[in-house]
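One structure below.
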Amino acid sequence: MENRLSSLERRLRAVEQPVWQISPREEDWEVCAEGPCKCVPEMKSVSCWRHGLLDLPSLQLVPADVLRLDLGGNRLSALHRDTFRNMTRLHHLDLSSNLLEHLSPNLLSPLHGVANVRLSDNLLKEIQRNQFLGLRNLRILDLSSNRLRTLSENLFLSNGLLALLDLSSNRISSLSAGTFRGLGNLEELLLGKNRLSGLPASIFKDTINLRRLALEENHLKELPHNLFHDLTSLKELDMRGNRLTEVAKGMLSHLVKLEILEMSSNRISRIDARALRDMVALRELRLGHNHIKYLQHGLFSNSVSLERLILYGNRIEILARGVLHGLSNLTSLFLQSNRLRLLQSGVFNDTPNLRKLQLESNELSFLPAGSMDAVSAIPQVHLNRNPWHCDCRALYVASWLRRRFASFANLTNPLQIQQALVTTGNWSVWEYGAGAICRGPGVLGGQPLLRLTFHELCEGQWASMKGIVPRLPLDVMAPSVTPHAVRKDTLLVGPRAGD
C-alpha cells in the first residue's frame, strides 16, 4: 500500500510540474537566448546544464526544432508530460544527474527522431512498459546508476536500431527471457554492478550482433549451458567479480570472435581442458584472483592468438612443462601472488615471444637448470618477494640473470661484467636482477642474487649439493678465477653426462 501511495504521489507531482514554452517558429531562437538557459541557434541546442533547477524554468522558450537539449546536473525530481511536446526533431536528450523518481507515461513519445537519451544517475525505480514506444531512431540509451529492480518484457521491442544500452549500477536482481527482444542491432549491453544471480538461457537470443557484454560485479554462480549460443559476433565479455566456480566445456564454445575474456575475482577452481578450444580469436584472458591450483595440459592448444594471460592471485604451485603449449604469440604472462614453488625445465619453450613475465610474491627458492633459457632476452621479468635460497641450486638463476645483465649492458668480458656489477647502484642491480634477493642462508640473506658468484654460492659453508661439482659459464666467473683455468668442456652449468 505504501509503495502504491508513493507511486501515485510521484504521478501527481509530475502533473503539477510547470512546463516551459515551446514555440514552432524558427525565428524564436533569439527569444530563446533571453531565458536562463544557454541557446545556440547555429547548432540548435539548448543547455540548462548545472543551473540548479528544481523545476523547468517557466520563462524559458524552447523552439520546437531543437536538436540538442541538456537538462543534466540539476535537481529535477519530476517532469510534466508535455515537457517535450512537438520536439519531433530532437536528436540528443540529456536528463542525467537529477533526482527523477518517475517518468510520466508518454513523456518521451513525441521524440520520434531522438537517437541519444541519457537518464543516468537519477532515482528511477521502474520504467513504464511503453515508455520507449515510438522511439524508432533510438541508438544510445543510458539508464545507469538508478534504482531499477527489474525491467518489463518487450520494453525495447520498438527500439530495433538501439546500439548501446547501459543498465549498469542499478539494483536489478532478475530479467525475463524477453527483456532484450527485438534488439538485433545492439552492439554494447552493460549490465554490470547489479544483483543478478541468474540469467534465462535464451535472454540473448535476439542480440546476435552484440560486440561487448558486461556482466561484472553481479551475484552469478552458474550460467546456462547455451547462454552465449547466439553471440557469435561478441568480441569482449566481462564477468569479473561474480561467484562462478568453473569454466565448463562448451560454456564459451560459440564465442569464436571473442578477443577479451575477463573472469577475474570469481571462485573458479576448475577450467575444462576443452573450454577455450573454439576461441581462436582470443587475445587477452584475465583469470586473476580465483582459486585455480593447476592448469590442464592442452588448455591453450588452440590459443595461438593469445597475447596476454593474467593468472595472478591464484593457488598455482607448479608450472609444468608443456602446459603453455599453443601460446606461441604470448607476450605477457602474469603469475604473481600464487604459490609457485617449481617451474619445470623447458616450461617457456612454448612462449618464444614472451616480453613480460611476473613471478613475484611466490614460493620460488630456486629455478631448475634450463627453465629460463627460452626467454633469455626477455625485457621485463619480476622475481622479487620469493624466498630465494642462495646455495648451489641458485647458481642457474644467478647465471641466467648475469647473462641477461651482460646483454643489456652490452658486455662480453667476464671481468668487465663483474666490475660493472660491483660499481652498479643497488636500484640498477635490483632492476637487472628482477628483484631476486636472497633469503639466506646466513650472511647471504639480503644479498642480490645477481651479484653472487660461484664461490659464494657453491663453495664453503654454503654448499648444499655435496658430491656435485658444478661447472661455471665464463660470464659468471669471479675476478679471482682466471680464464686459462677454465677448460672448454666446462662451459655448461651442471655435471657432465655420466658424472
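The values are calculated or read from the model by the stated rules, or taken from the named source; none is laboratory data. Since the structure is predicted, the reported quantities are computational estimates derived from the model, not experimental observations. With ideal geometry, Cβ positions are generated from the backbone for all residues, glycine too; neighbour counts draw on all protein chains shown. The protein model used for the area step is the full one, side chains on, heavy atoms only, and it has no ligands, DNA or RNA in it. Shrake-Rupley method; radii C 1.70, N 1.55, O 1.52, S 1.80 Å.
For region 8-123, report the % of Cα-Cα distances exceeding 23 Å.
20
Taking the chain as the reference, fit the longest principal axis to its C-alpha atoms, fit the long axis of helix 2-16 to the helix C-alpha atoms, and give the angle between the two in degrees, 0 to 90, nearest 10.
60
Return one number: the angle in degrees, 0 to 90 and rounded to the nearest 10, between the long axis of the Cα atoms of helix 395-409 and the longest principal axis of the Cα atoms of the chain.
That works out to roughly 70 degrees.
Can you give me the accessible area per residue for the chain, using a 1.4 Å probe, in Å²?
Per-residue value: 46 Å².
Please report how far the C-alpha centroid of region 180-255 lies from that of region 272-291, rounded to the nearest whole angstrom.
Between the Cα centre of region 180-255 and that of region 272-291, the gap is 15 Å.
Counting only protein heavy atoms, what percent of the accessible surface of region 76-190 is carbon or sulfur at a 1.4 Å probe?
Here carbon and sulfur together make up 42 percent of the probe-accessible area.
Round to the nearest 0.05 the FRET efficiency obtained for residue 99 and residue 384 when R0 = 45 Å and r is the Cβ-Cβ distance.
After rounding, the FRET efficiency stands at 0.35.
Report Rg/Rh for region 238-295, rounded to two decimals, where Rg is the Cα radius of gyration and Rh the Kirkwood radius.
Result for region 238-295 is an Rg/Rh of 0.93.
Of all GluC sites (Glu not before Pro) in region 27-62, which ones are in loop regions per DSSP and have a Cβ with at most 12 other Cβ atoms within 10 Å?
When the GluC sites (Glu not before Pro) of region 27-62 are filtered for loop state and at most 12 Cβ neighbours within 10 Å, 34, 42 remain.
Where in region 30-66 does the amide nitrogen come within less than 18 Å of the point 7 Å from the Cα of residue 86, taken along Cα to Cβ?
Of the residues in region 30-66, 30-35, 44-46, 57-66 have backbone N under 18 Å from the label point off residue 86.
With the cut-off at 30 Å, report for the chain the share of all Cα pairs above it, as a whole percent.
When all Cα pairs of the chain are counted, 61 percent exceed 30 Å.
Please compute the contact order of region 8-123 in relative form: average sequence separation of alpha-carbon pairs under 8 Å and at least six residues apart, divided by the residue count, as a percent.
Computed over region 8-123, the figure is 25 percent.
Would you kindly state how much longer the chain becomes between residue 413 and residue 58 on full extension, computed as 0.36 nm times their sequence separation minus their alpha carbon distance, in nm to one decimal?
So the chain would gain 119.3 nm between residue 413 and residue 58.
222 nm [θ] for the chain, helices only, -39500 (n - 2.57) per DSSP H run of 4+, per residue, to 500?
-3000 deg cm²/dmol
Going by the alpha-carbon gyration tensor, a ≥ b ≥ c the square roots of its eigenvalues, is region 104-261 rounded (a/c under 1.5) or, if a/c is not under 1.5, prolate (a/b greater than b/c) versus oblate?
Prolate.
Could you compute the FRET efficiency for residue 428 and residue 212, with r as their C-beta to C-beta distance and R0 at 41 Å, rounded to 0.05?
In this case the efficiency is close to 0.45.
Let me check against my output: what whole-number percent is the relative contact order of the chain, with C-alpha pairs under 8 Å and at least 6 apart?
Normalised by residue count, the contact order of the chain is 5 percent.
If you line up the long axis of helix 414-423 against the longest principal axis of the chain, both from Cα atoms, how many degrees apart are they, to the nearest 10?
Between helix and principal axis, roughly 60 degrees.
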